[in-house]
1. Residue by residue through the stretch 69-77, which ³J(HN,Hα) values in whole Hz follow from phi under the Karplus form 6.51 cos²θ - 1.76 cosθ + 1.60 (θ = phi - 60°), with glycine and proline marked x?
2. Just to confirm my numbers, what's the Cα centroid distance between the stretch 310-346 and the stretch 196-213 in Å?
3. Once you list every other residue whose beta carbon is under 15 Å from the beta carbon of Leu243, what net charge do they have if Lys and Arg are +1 and Asp and Glu are -1?
4. Estimate the FRET efficiency between Glu190 and Arg293 by the formula 1/(1 + (r/R0)^6), using the beta-carbon distance for r and 25 Å for R0, to the nearest 0.05.
5. Just the accessible area per residue of the chain, please: how many Å² with a 1.4 Å probe?
6. What are the aspartates and glutamates whose alpha-carbon lies under 12 Å from the alpha-carbon of Lys42, with same-chain residues fewer than 8 places away excluded?
7. Against the longest principal axis of the chain, how steep is helix 150-162, in degrees 0 to 90 to the nearest 10, with axes from Cα atoms?
8. Using 0.36 nm per residue, how much length does the chain from His224 to Glu258 gain when fully extended, once their Cα-Cα distance is taken away?
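The values are calculated or read from the model by the stated rules, or taken from the named source; none is laboratory data. Small disclaimer: the values here were computed from a predicted structure and weren't measured. Ideal geometry is used to build each Cβ from the backbone, glycine not excepted, and the neighbour counts take in all protein chains shown. In case anyone asks, the SASA skips ligands and DNA or RNA and just uses the protein heavy atoms, side chains included. Shrake-Rupley method; radii C 1.70, N 1.55, O 1.52, S 1.80 Å.
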Amino acid sequence: MTVRVGILGATGAVGQRFIQLLDDHPTFELATVTASESSAGKTYREAAKWRVDAPIPDDVAEMEVRATEPDSVADDVDLLFSSLPSGVAADVEPAFLEEGYVVSSNSSNDRLADDVPLTIPEINPGHLDLIEVQRDERGWDGALVKNPNCSTITMVPTLAAIDRFGIEEINVSTLQAVSGAGYSGVTSMEIIDNAIPHIGGEENKMETESRKLLGDFDGTEVHHHEADVAASCNRIPTIDGHLENVFAKLADDPSPAEVRTAMREFEGVDLPSAPDQLIKVYGEADPERPQPRLDRTYADGMGICAGGVQSTSDGVKYNCLSHNTIRGAAGASLLNGELLVEEGYV
Ligand code: NAP
């Protein structure tokens, strides 16, 4: 089975990762790339400041970049991946949905909407059925599914793994790579030899999206997880890979070994881009792992790494890491696209 796909916002940091991940994909065939008016009409090679550490696939390099509007997309495209700035996405995604396109989107608009599934296939695949509610309420022929913010997706799989011990409260502090801000996000003068203890809107995203992802869907609505979540987000001068320090207050009192086992044995999903083992866990012999440079490419950037697990007075603390533009963005949308196909929505 071949599914023809398009990328909205294909020239940016996340869009380039989509191009890389779709190259040789077993199901998806790239048919359309769009960007802003200033890129429209150029070849992809001319329009994109390519920075992925692999060449632009030859067939994509010569594709014409189209304007981001429904008329630009070929009629036989069934699925769109969106990596537009959220303000732009909030304006243009509905136009594609009204035209019947299924959109798997990275952008933060609508992630918390009651009728929009916010999905990580390994964590809450059943939430995808919110699409039925969404179609009833909005009258769209298409469907919209979102993946979470890159910092949220780094910690949530580890939280899902330890929720069996009764998560009551989460505190998390992040060390986030510059690619998370996109190309024009942080200048070199701001970030070299520096750390910035604020990322606009990021803390709120971690605090709210994580509770929706870990919530229960009753067929009509998602009941968010009741744990309090407090986040502190910091930008540091790494290129890719977000590292996070998590402090979890738990109802039970598991040993660090039990926590490591729960994470290591957390089940994945059988989708083409999913890693065999979602969470790689370092033990006491590797207290300095995970690290961005050494661990961001685990499972081709689709896995999560954890380590430094220690008991605290009321729970556990540990570190976790993921590749923010792969697992945290393009790879997350791609996996949601594969789930949409598997579940018959495409
Ligand atoms: P980016 O590097 O700034 O790329 C933005 C893309 O959107 C480019 O293709 C750009 O085209 C296009 N675009 C900008 N304005 C447009 C307009 N008015 N109309 C049509 N297209 C327009 O941003 P990014 O880092 O890839 O992020 C994309 C989205 O993913 C954002 O919503 C971001 O919050 C989210 N996200 C990013 C990450 C990450 O790690 N970077 C992680 C998770 C989620 P031009 O090249 O023509 O300007």
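1. Per residue, the Karplus-derived 3J(HN,Hα) values read 8, x, 5, 7, 9, 4, 4, 8, 7 Hz.
2. For the stretch 310-346 versus the stretch 196-213, the Cα centre distance is 15 Å.
3. +1
4. 0.75
5. 42
6. Glu62, Glu64
7. Once rounded, the angle reads 50 degrees.
8. 9.6 nm
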